[in-house]
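Colleague: Before I ask anything, here is the structure I am working with.
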Amino acid sequence: MDNRGKHFKDESGIFERESYRVRSIMNQRKRRSEMKTRVMLFGTGLVLVVVLTVLAFKLAGLNGESDKQDNVSAAGSSSVNGEEQKENKQKKKNDDKEKDKEEPAKPAVATGKKKWLRDGLDPDKPMVALTFDDGPYTPVTSKILKVLKKYDARATFFVVGNRVPQYEDMVKQAYEQGNEIATHTYNHANLTKLSKKGIKDELNKSREVIKDVIGCSFSTLRPPGGSINDKMRSVIKVPMIYWSVDTEDWKSRNAKSVLNECEVIQDGDIVLMHDLYPSTADAVKKLVPRLVKEGYQLVTVDELFHYKGINAKGGKVYMSGR
Ligand code: NI
């Protein structure tokens with residue numbers, strides 16, 4: 001065994017031990033400093049987290065505030081909108097009211113003053129519209145007007161324009177009693193045989209002559225002979241009125257026969273007659289009280305459409321109020 005070697009060995013052992021100690025001290029220091037760094041880093045991190053959290057909360061708080069403000073302004077604007085809506089609603093309501101007010105008087109507004117659309121009829125009670133073509137003719141028209149007046153009944157007179165000047169008083173009286181003055185053209189013309197201009201002339205002349213007497217125009221036409229074609233539909237701006245009950249009074253010239261034709265009358269019927277024949281006046285004298293007794297309201301064509309909710313359009317044909 002070599003001592004030196006041993007010593008050396010020892011020495012080296014010492015050295016080794018020494019160096020181990022030193023190393024371990026260094027390691028400890030290193031570890032400590034590492035620990036310090038870690039702690040510092042951790043602390044910094046923690047502080048950063050805290051700061052960031054606080055900032056985040058603050059921002060959130062601010063946002064909350066601004067939300068609140070937004071809400072306030074939104075509430076403000078919504079209340080403004082609310083006001084506007086309220087105003088608009090009120091305006092609409094008023095407009096509707098105006099509409100409601102205007103509706104019954106619509107024909108009067110459109111063409112002047114008209115008396116043949118009464119307020120206050122009962123829409124649930126049956127209605128019938130008696131109509132008289134080809135007049136006026138005083139010997140018959142005056143008798144019919146007398147009966148209508150007695151029973152507070154109304155009818156529609158489809159007058160022939162060229163007869164109006166001669167029987168002006170009848171037209172005036174009929175109108176004053178609340179009857180409807182409508183047109184049966186100026187010359188009792190078959191409108192299907194006329195040009196567009198010819199059709200317009202018939203209606204314009206009728207309009208003028210009626211307006212001269214009662215101050216307003218007609219709102220409906222009964223085409224002579226009940227004849228119509230597409231040309232008429234395209235030119236004529238008022239509703240064309242047919243009938244649902246044909247008394248054939250012009251054919252029978254007999255009151256009883258006329259009454260027989262009126263045996264079955266229904267709610268909404270439009271009855272066709274002519275105020276040219278004394279037999280027709282005789283029939284009316286019995287027919288009107290009978291219908292009134294049966295609960296019918298005797299109305300003008302305008303009233304019939306109005307109360308039955310029919311929006312009669314120009315150029316279209318209507319046969320009844322149903
Ligand atoms: Ni006729």
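Colleague: Taking other Cβ within 10 Å of each residue's Cβ, how do Glu180, Glu168, Glu261, Glu294 sort, fewest first?
Modeller: Least to most surrounded, the residues fall as Glu294, Glu168, Glu261, Glu180.
Colleague: With a sphere of radius 13 Å drawn around the Cβ of Asn254, what net charge do the other residues whose Cβ falls strictly inside it have (Lys, Arg +1; Asp, Glu -1)?
Modeller: Taking every Cβ under 13 Å from that of Asn254, the sum is 0.
Colleague: So, one more: Along segment 241-254, what does the Karplus equation 6.51 cos²θ - 1.76 cosθ + 1.60 (θ = phi - 60°) give for ³J(HN,Hα), rounded to whole Hz, x for Gly and Pro?
Modeller: With coefficients 6.51, -1.76 and 1.60, one gets 9, 9, 8, 10, 10, 9, 6, 6, 5, 5, 8, 7, 6, 9 Hz.
Colleague: Filter Lys150/Lys200; Lys143/Lys293; Lys146/Lys237; Lys146/Lys231 down to the pairs with a C-alpha to C-alpha distance above 28 Å, please.
Modeller: Too far apart for the 28 Å limit: Lys150/Lys200; Lys146/Lys237; Lys146/Lys231.
Colleague: When only DSSP loop residues count, what chymotrypsin sites (Phe, Trp or Tyr not before Pro) in segment 128-208 have their Cβ near at most 15 other Cβ atoms within 10 Å?
Modeller: Hits after loop and neighbour filter: Tyr151.
Colleague: Turning to a different aspect of this structure: Counting only residues 5 or more places away or on other chains, whose amide H sits under 5 Å from the amide H of Leu130 once H atoms are built in the peptide plane?
Modeller: The list, which skips near neighbours in sequence, is Thr156, Val271, Val299.
Colleague: Quick check on the exposure proxy: order Arg290, Arg222 from fewest to most C-beta atoms within 10 angstrom.
Modeller: Fewest to most other Cβ atoms nearby, the residues stand as Arg290, Arg222.
Colleague: May I ask for the distance between the Cα centers of segment 196-271 and segment 290-322, given as a whole number of Å?
Modeller: That distance is 13 Å.
Any read-out appearing in this document is the output of simple, stated calculations on the displayed coordinates, not a laboratory observation. A quick note: this is a predicted structure, and the numbers were derived from the prediction, not measured. Here Cβ is always computed from backbone atoms with ideal geometry, including for glycine, and neighbour counts include all displayed protein chains.
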